[in-house]
Amino acid sequence: MKRLLLGLLLASPVFAFAQGSQVNTQSQKIIGMGGAGSALFIDEASMVYSPGALAKMDHNAVQIGASAVMFRSAFQEAGSMMQHDSRFQVTPPFAAYATFGPKNSFWKAGLAVYTPFGGSVDWGHDWPGRYELSHLSLRAIFIQPTLSFKLTDQFSVGGGFIYNIGSVDLGRSLPAFHPDGRPATANLKGNGSGTGYNVGIHYNLEDQFALSVSYRSKVITRLEDGDAMFDVPQTLSANFPNTKFSSELPLPSSLNVGLAFPLSEKVDMAIDGSVLNYSIYKQLAFEYETDLIPNSVSEKQYENAYSAKVGINYQVNDRLALRTGAGFIRTPVRGQYVYPETPDNNRYVASLGFTYEMTDKWQLNAAYAFQHILPRTGTNISTGLRGRYETYIHAPGVSLSYKW
C-alpha cells in the first residue's frame with residue numbers, strides 16, 4: 001500500500017505551467033485585439049509588451065485592471081460514456097502600472113506589477129483522475145521596475161528587472177479511506193521566488209508603420225520549505241508524516257514581434273507573433289525533507305510553443321475606440337504528458353474590446369476574450385490515465401487609468 005501511495009504522490013505534475021497557466025491579460029486594449037497590439041499601443045502596459053515604447057509616452061499615468069478568468073474543462077475516460085466537469089472557478093489575474101518622468105522627455109521610468117502565469121482548477125474527489133489531482137491554485141506575480149529611452153523621434157529602447165513571487169496549492173486523493181469513508185488526501189503548498197528581465201525596442205514612422213521587438217527572459221523560480229501534508233488513516237500515518245519539500249520551476253522565456261499599420265484614417269491593424277521557450281522544461285524534480293518519502297524526478301519533455309494574433313482598432317471618435325481580434329496558440333505539451341491541471345492542446349482565441357475617454361485624464365478600458373482549447377485524447381505516460389479533454393476559457397476584464 002505504501003509503495004502505491006508513494007508512486008501516486010511522486011508522479012505529481014504540481015507546477016506544470018503550460019499554456020493553460022500562461023495569463024495574457026496585462027492590457028485590456030491588447031486583450032480586445034486578440035493578443036495583438038504591442039507595436040500599436042503606447043501606454044503604461046508597454047512595460048510588459050514593449051518596454052522600448054514606454055519613452056514615447058507624452059504624459060505620466062497610473063493604471064489598475066483585472067480580468068475574471070473562468071476556466072472550465074471536461075474529461076471523458078476511455079471506454080466510459082460519463083463526462084466529468086471541473087468545478088466553476090474564477091481566477092482574477094491583475095495588473096497595476098505607474099509611470100514617472102519629465103513630460104516630453106527622452107526617458108521614462110515605470111513600475112509594473114502583473115500576473116503572467118497562474119490559474120485555478122477543481123476536479124473534486126469523484127473523477128477518474130482524482131489520484132493525479134483534485135484541485136490546484138497557482139500564481140506568479142512579477143514586479144518589474146522599467147527604464148526606457150528615446151534615442152530618436154522614431155527609435156526607442158527599454159528594459160526592466162523582474163522579481164517573481166510564486167505560490168501553489170495542490171491537492172489530490174490517495175487510494176485509502178478513513179473509517180468514516182472519507183478519502184485519504186495529500187496537499188502541497190509552497191511559495192518561491194525568482195528573477196529575470198524584460199527588454200525591447202520600438203520603431204515607428206508617424207501615422208504609417210510601427211515595429212516592436214521584445215524579449216522576456218526565463219525566470220527560474222525556486223520553491224523552498226513548502227508544506228507537504230497528508231490526511232491518511234491512523235494505520236498509515238507513521239509512513240506519511242507531514243514534511244517539507246523544495247522544487248525548481250523554469251518559467252519560459254518569450255520573444256515577441258509586433259507590427260502595426262493603418263488601413264484607413266480611423267482603422268489600424270496589428271499583427272503579433274511570439275515564440276515561447278518551453279523546451280527548457282525537461283523534467284520536474286522534488287526534494288523531501290524526510291527520508292520516508294524519497295526524492296523524485298518526473299519527465300516533462302515540453303516543446304517550444306508559438307502564437308499568431310491579429311487585431312483591428314477602430315477609432316470611432318475622440319472619446320471611443322472599438323476593437324476585435326483573433327489568434328492561434330500552439331501547445332508545448334506532447335500528448336503523452338497531458339495532465340489534468342492544464343489539459344492543454346492547440347487553441348483558438350477571439351475577442352472584443354473598447355476604450356472610452358471619460359475625461360481628459362480618466363480612461364476606461366474593457367475587453368472580453370474567449371478561448372477554445374481543442375479536444376485531445378491520449379494516455380499519460382506516467383499515470384496511465386486515458387481519456388478525452390476539452391476546455392473553454394472566458395475572460396472578461398476592465399482597467400482604469402489616470403494620466404497627467
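Table for the structure above
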| item | result |
| --- | --- |
| Segment 230-254, subset of a type in the set (A, V, I, L, M) and modelled with pLDDT under 90, residue nearest to A186 (Cα to Cα) | L236 |
| Top-ranked residue in segment 134-173 [being among the polar types (S, T, N, Q), within 14 Å of Y197 (Cα to Cα) and under 21 Å from the mean Cα position of the chain (by Cα); ranked as surrounded by the fewest Cβ atoms within 10 Å (Cβ to Cβ)] | N164 |
| Residue match in segment 121-142 (condition: in a strand (DSSP E or B) and in contact with a Lys or Arg (Cβ under 7 Å, 6 or more places away or on another chain)) | yes |
| Inter-residue pairs, beta-carbon under 9 Å, first within 13 Å of T383 (Cβ to Cβ) and at pLDDT 75 or above and in segment 324-344, second surrounded by 24 or more Cβ atoms within 10 Å (Cβ to Cβ) and among the aromatic types (F, W, Y), 6+ apart | none |
| Which listed residue is touching a residue at least 60 places away in the same chain (Cβ under 8 Å) and either in contact with an Asp or Glu (Cβ under 6 Å, 6 or more places away or on another chain) or among the charged types (D, E, K, R) (or both), from R347, R376 | R347 |
| Subset of segment 57-92 (residues that are polar (S, T, N, Q) and either over 27 Å from the mean Cα position of the chain (by Cα) or in a loop (DSSP other than H, G, I, E, B) (or both)) | N60, S80, S86 |
| Filter result for F117 (surrounded by 15 or more Cβ atoms within 10 Å (Cβ to Cβ), modelled with pLDDT of 90 or more, of a type in the set (F, W, Y) and assigned to a strand (DSSP E or B)) | no |
| Segment 226-250: number of residues that are surrounded by 14 or more Cβ atoms within 10 Å (Cβ to Cβ) and in a helix (DSSP H, G or I) | 2 |
| Residue check for F117: of a type in the set (F, W, Y) and free of Cβ contacts under 8 Å to residues at least 60 places away in the same chain | no |
| Subset of segment 120-133 (residues that are small (G, A, S), within 22 Å of S167 (Cα to Cα) and buried (at least 19 other Cβ atoms within 10 Å of the Cβ)) | S120 |
| Leading residue by the ranking (nearest to I64 (Cα to Cα)) among those in segment 41-51 that are among the aliphatic types (A, V, I, L, M) and assigned to a loop (DSSP other than H, G, I, E, B) | A45 |
| Near pairs, Cβ below 6 angstrom, 6+ apart or cross-chain, from segment 288-317 (modelled with pLDDT of 75 or more and charged (D, E, K, R)) to any residue that is part of a strand (DSSP E or B) and buried (at least 18 other Cβ atoms within 10 Å of the Cβ) | K309/D272; K309/G327 |
| Candidate set from segment 360-392 (those that are of a type in the set (A, V, I, L, M) and part of a strand (DSSP E or B)); member that is surrounded by the fewest Cβ atoms within 10 Å (Cβ to Cβ) | L374 |
| Failed condition for F15, given (1) modelled with pLDDT of 70 or more; (2) in a loop (DSSP other than H, G, I, E, B) | (1) |
| One residue from A109, A39 being without any contact (Cβ under 8 Å) to a residue 60 or more places away in the chain, crowded, with 16+ Cβ neighbours inside 10 Å, out of contact with any Cys (no Cβ under 9 Å at 6 or more places or on another chain) and among the aliphatic types (A, V, I, L, M) | A109 |
| Residue in segment 211-225 that is surrounded by the fewest Cβ atoms within 10 Å (Cβ to Cβ), counting only those that are within 23 Å of E287 (Cβ to Cβ) and either β-branched (V, I, T) or at pLDDT 90 or above (or both) | I220 |
| Total residues in segment 264-279, condition farther than 18 Å from R323 by Cα, in contact with a Pro (Cβ under 9 Å, 6 or more places away or on another chain) and modelled with pLDDT of 95 or more | 0 |
| Restricting segment 251-285 to residues that are over 26 Å from G159 (Cα atoms) and charged (D, E, K, R), the residue that is surrounded by the fewest Cβ atoms within 10 Å (Cβ to Cβ) | E265 |
| Failed item, numbered, when S38 is tested on (1) in a loop (DSSP other than H, G, I, E, B); (2) at pLDDT below 95 | (2) |
| Answer residue from segment 332-359, given it is closer than 30 Å to N313 by Cα and of a type in the set (A, V, I, L, M, F, W, C) and is surrounded by the fewest Cβ atoms within 10 Å (Cβ to Cβ) among those | M358 |
| So S167, is it among the hydroxyl-bearing types (S, T, Y), at pLDDT below 90 and under 26 Å from S399 (Cα atoms) | yes |
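The values are calculated or read from the model by the stated rules, or taken from the named source; none is laboratory data. The structure displayed is predicted, hence computed values, not measured ones. A quick note on method: Cβ atoms are made from the backbone with ideal geometry, for glycine too, and the neighbour counts reach across all protein chains shown.
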